[in-house]
1. Test residue 59 against the criterion of being within 29 Å of residue 10 (Cα to Cα) and out of contact with any strand residue (DSSP E or B) (no Cβ under 7 Å at 6 or more places or on another chain), and give yes or no.
2. Among the residues of region 116-132, count how many are in contact (Cβ under 8 Å) with a residue 24 or more places away in the chain, within 17 Å of residue 37 (Cβ to Cβ) and either surrounded by fewer than 12 Cβ atoms within 10 Å (Cβ to Cβ) or more than 14 Å from the chain's Cα centre (by Cα) (or both).
3. Of the conditions (1) part of a loop (DSSP other than H, G, I, E, B); (2) touching a strand residue (DSSP E or B) at 6+ places or on another chain (Cβ under 7 Å), residue 83 satisfies every one except a single condition; which number is it?
4. Among the residues of region 49-63, are any touching a helix residue (DSSP H, G or I) at 6+ places or on another chain (Cβ under 7 Å), more than 28 Å from residue 113 (Cα to Cα) and either modelled with pLDDT of 95 or more or not in a loop (DSSP other than H, G, I, E, B) (or both)?
5. Give the residue that is farthest from the chain's Cα centre (by Cα), with candidates limited to residues of region 19-37 that are within 22 Å of residue 93 (Cα to Cα) and surrounded by fewer than 16 Cβ atoms within 10 Å (Cβ to Cβ).
């Protein structure tokens with residue numbers, strides 16, 4: 001079990017984690033999730049599954065086919081991808097795009113409330129809340 005960057009057991013490159021080198025890991029072994037949570041000051045005591053995470057999933061990174069019945073044809077920009085707790089992708093995707101000049105609040109709300117729940121499971125509320133606290137400490 002490990003929490004690590006993209007390929008192999010490399011340090012994490014997620015923007016919010018990488019702001020402090022000591023949080024980048026990799027985190028290896030049976031206590032990987034606990035060690036990661038401790039380093040990031042995320043107060044989640046229970047075991048959380050680890051998943052491969054894009055870590056920058058937002059509309060500008062999702063390629064859609066043209067026409068009346070659009071389909072997802074690709075996802076780009078895996079620069080922050082890695083093996084992270086399962087709640088990470090959804091939680092971070094709720095905040096992706098907010099700072100972009102052409103991605104206003106209405107579009108952000110539509111992304112978060114309409115589209116994101118269709119492509120990702122919503123994590124436990126307490127996991128999401130802890131991630132938001134982590135996010136607020138790091139913006």
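1. Against the criterion (within 29 Å of residue 10 (Cα to Cα) and out of contact with any strand residue (DSSP E or B) (no Cβ under 7 Å at 6 or more places or on another chain)), residue 59 qualifies.
2. 2
3. (1)
4. Looking for residues that are touching a helix residue (DSSP H, G or I) at 6+ places or on another chain (Cβ under 7 Å), more than 28 Å from residue 113 (Cα to Cα) and either modelled with pLDDT of 95 or more or not in a loop (DSSP other than H, G, I, E, B) (or both), one finds none in region 49-63, hence no.
5. Looking at residues that are within 22 Å of residue 93 (Cα to Cα) and surrounded by fewer than 16 Cβ atoms within 10 Å (Cβ to Cβ), I get 20.
The values are calculated or read from the model by the stated rules, or taken from the named source; none is laboratory data. Predicted model, so just to flag it, every value in this text is computed and none were measured. Quick reminder, even Gly has a Cβ in these numbers, built from the backbone with ideal geometry, and neighbours come from all protein chains shown.
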